[in-house]
1. Quick one: Gly101 ticks every box in (1) closer than 24 Å to Ala122 by Cα; (2) surrounded by fewer than 22 Cβ atoms within 10 Å (Cβ to Cβ) bar one, so which box is it?
2. For region 35-62, enumerate the residues that are more than 15 Å from Asn88 (Cβ to Cβ) and modelled with pLDDT of 75 or more.
3. If you take just the helices (runs of 4 or more DSSP H) that sit entirely in region 63-159, which of them hold at least 2 residues that are at pLDDT 90 or above and small (Gly, Ala, Ser)?
4. Does region 131-144 contain at least one residue that is away from the ligand (no atom under 11 Å from the Cβ) and either closer than 17 Å to Gly99 by Cα or β-branched (Val, Ile, Thr) (or both)?
Amino acid sequence: MAVKLDRQQVAGQLQRLTDWTLQGDQIERLFTNRLDPTEHPYFAEVAGLRVSAHLLLRRNGDAIQFVPLHMRAWHAGESTWRGQARCNDFSVGIELEGGGGDDGYSDAQYAGLVELTRALRAVLPLRDVAGHSDIAPGRKTDPGERFDWARFLSALALK
Ligand SMILES: [Zn+2]
């Protein structure tokens with residue numbers, strides 16, 4: 001069961017990282033194992049952990065892909081959606097840069113997320129869009145209360 005424990009740990013660490021430090025290219029370096037452990041005590045803690053999302057949406061709206069869509073990324077951890085456990089097995093993971101502070105998410109991120117979701121829908125049989133906080137309530141909080149679901153979903157529907 002080492003893998004299961006690992007994934008749970010990884011998800012918790014990624015949550016903390018996305019809530020707290022997503023700055024510059026730090027998450028890109030984490031996802032690609034290029035985070036310098038000497039840069040911050042927390043980086044030493046997470047160095048060597050396997051964490052990943054398929055995509056990262058930067059504040060400027062750029063999407064960066066880390067994991068091929070046909071492969072599993074480790075973004076959800078222990079999770080359930082509509083009665084199905086282990087969301088990593090059947091979901092595309094997208095992390096949004098920042099969003100935890102007063103600035104919330106940027107206009108470019110909303111626009112980029114709509115485009116990205118449309119693009120994913122074109123190639124995958126997507127049924128839902130859910131927050132990490134929806135699939136792992138109590139453990140994950142992103143995208144958080146500053147994410148405007150109505151804005152995103154209505155923009156998606158209009159496209
Ligand atoms: Zn997340």
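The values are calculated or read from the model by the stated rules, or taken from the named source; none is laboratory data. Since this is a predicted model, take the numbers as computed values, not measurements. Virtual Cβ from ideal backbone geometry, glycine too; neighbours counted across all protein chains shown.
1. (1)
2. The answer is Asp36, Pro37, Thr38, Glu39, Leu56, Leu57, Arg58, Arg59, Asn60, Gly61, Asp62.
3. Numbers: elements: 107-123, 132-135, 149-158.
Of the helices (runs of 4 or more DSSP H) lying wholly inside region 63-159, those with at least 2 residues that are at pLDDT 90 or above and small (Gly, Ala, Ser) span 107-123, 149-158.
4. Looking for residues that are away from the ligand (no atom under 11 Å from the Cβ) and either closer than 17 Å to Gly99 by Cα or β-branched (Val, Ile, Thr) (or both), one finds none in region 131-144, hence no.
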